[in-house]
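Comments concern the structure below.
Just so it is clear, none of the values below were taken in a lab; they were calculated from the coordinates. Note that the coordinates shown come from a computational prediction; the quantities given were computed from them, not determined experimentally. In this analysis, Cβ positions are derived from the backbone assuming ideal geometry, glycine residues included, and neighbour counts consider all displayed protein chains.
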Amino acid sequence: MSQNHHIGNAAEDLIKEQFELEPSLEQIVWIDSDKTTEIRLLEINPETPPLESVLAFYFPPYEELPYATHIAEIRPEVWQKILRHEISLPEGWTLDNYKIYSREMVTV
Amino acid sequence: MDIGQLQNLFKRDGYRMTERQHWQIAFLKQARSDWEAYQRTSPAVWPACHRLLFLQMASEKLGKAVLIASHSTLETIIQSHTAFVMFMRVAGNNQKLQKALGMKKAQQRAQFKTLLPLAHEIERLAPALAQGGQNPEYPWKEASGNILAPADYPFPLMQRLHQTPHGIQLLNYIEFFVKRFEELFM
């Protein structure tokens with residue numbers, strides 16, 4: 001991945017890699033996909049510990065992925081609660097623009 | 001670069017640390033202090049409960065120090081006791097860590113996965129997660145009706161941490177993260 005890689009391609013490459021590395025991942029939600037400065041992902045994984053909140057981790061940019069990345073792992077039922085606004089997203093994250101990826105979408 | 005050097009660098013460059021950065025540094029300092037306490041409490045002298053309490057606190061604050069760099073609310077982070085396992089689950093995405101460990105992403109993720117059961121055991125030592133059962137801080141009642149003080153309980157987890165390859169590896173990683181936090185996570 002080159003430095004000038006478009007954030008959309010970078011995010012989709014990262015999402016594909018996440019599916020390859022984690023067999024139990026069901027879906028990945030790219031939150032605020034209109035943002036051009038950082039990538040925010042919700043990874044929906046039934047194996048993640050049950051939590052009634054969203055804990056996002058920060059990963060600094062690096063050569064192959066020159067965008068700050070924030071990743072939170074959540075269980076499928078937490079995603080449903082987020083959609084119903086029963087659980088809040090991290091500060092500044094919205095449901096205004098999001099894309100949902102399944103394994104089939106990125107591995108075909 | 002340690003915390004002092006980091007603070008000096010911020011001052012020198014006229015950079016004003018945000019409140020979240022102050023929180024991150026404070027969590028890191030406390031994680032280091034808890035880890036030092038864990039190492040200094042000799043197993044020959046100290047009951048396992050005290051050592052495990054320090055270990056649980058060090059690992060929780062380590063996870064929280066990483067979490068604070070992202071966008072979760074401080075209230076969510078501070079109230080959570082599950083930061084360490086979540087941290088171990090996603091640490092495979094950290095490129096600096098991969099380079100420092102000389103591993104590929106898949107290798108790193110696979111290796112951290114093998115350590116998750118022990119990380120869970122450490123995390124569940126937090127009294128808030130122990131659901132009235134075994135924990136290193138407060139007495140609990142066993143199914144038999146016996147009431148036990150943590151100081152009287154041998155905590156088999158301690159043996160697994162110090163005498164199995166996964167346990168030793170997990171402790172080595174915690175030490176590595178605590179010592180090289182600024183380089184790996186900031």
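Quick notes on this one:
- Where both bridge residues fall in the protein assembly as shown, DSSP classifies roughly 70% of the beta bridges as antiparallel.
- Selection of trypsin sites (Lys or Arg not before Pro), the stretch A:11-88, meeting DSSP coil and at most 12 other Cβ within 10 Å: A:R84
- When the Cα positions of B:A100, B:H120, B:P150 are compared along the charge dipole of the stretch B:81-158, B:A100 comes out farthest toward the positive end, with charges on each C-beta of Lys, Arg, Asp and Glu.
- Three-way shape label, the stretch A:7-107, alpha-carbon gyration tensor, a/c 1.5: oblate
- Coordinate range along principal axes, alpha carbons of the protein assembly as shown, Å, largest first: 59, 49, 34
- Top of A:E43, A:E22, A:E12 by mean-square fluctuation, Gaussian network on chain A, Cα under 10 Å: A:E22
- Trypsin sites (Lys or Arg not before Pro), loop per DSSP, at most 15 other Cβ atoms within 10 Å - longest free stretch of chain B: B:17-103
- For chain A, calculated [θ]222 nm from helices alone, where every DSSP H run of n ≥ 4 adds -39500 (n - 2.57): -7500 deg cm²/dmol
- Sorted by Cβ neighbour density within 10 Å, fewest at the top, the residues B:H162, B:H50, A:H85: A:H85, B:H162, B:H50
- Residue with peak Gaussian network fluctuation, chain B [Cα springs, cutoff 10 Å], from B:V90, B:V66, B:V45: B:V45
- Whole-angstrom gap from the stretch A:44-108 to the stretch B:41-62, using each part's C-alpha centre: 33 Å
- The overall shape of chain B, judged from the alpha-carbon gyration tensor, is prolate: a/c is not under 1.5, and a/b is greater than b/c.
- Ranking A:Y67, A:H85, A:I28 by how far each Cα lies toward the positive end of the dipole of the stretch A:7-107 (charges on Cβ) leaves A:H85 at the top.
- Averaged over the residues of B:65-76, the number of partner chain Cβ atoms lying within 10 Å of the residue Cβ comes to 6.
- Overall, the stretch A:7-107 carries a charge dipole of about 280 debye about its Cα centre when +1 sits on the Cβ of Lys and Arg and -1 on the Cβ of Asp and Glu, all other atoms neutral.
- Ranked B:H22, B:H81, criterion: other C-beta atoms within 10 Å, fewest first: B:H22, B:H81
- Of all aspartates and glutamates in the structure, those lying under 13 Å Cα to Cα from B:K104, and not within fewer than 8 positions of it along the same chain, are A:E17.
- The stretch B:129-153 versus the stretch B:64-116: alpha-carbon centroid distance in Å: 30 Å
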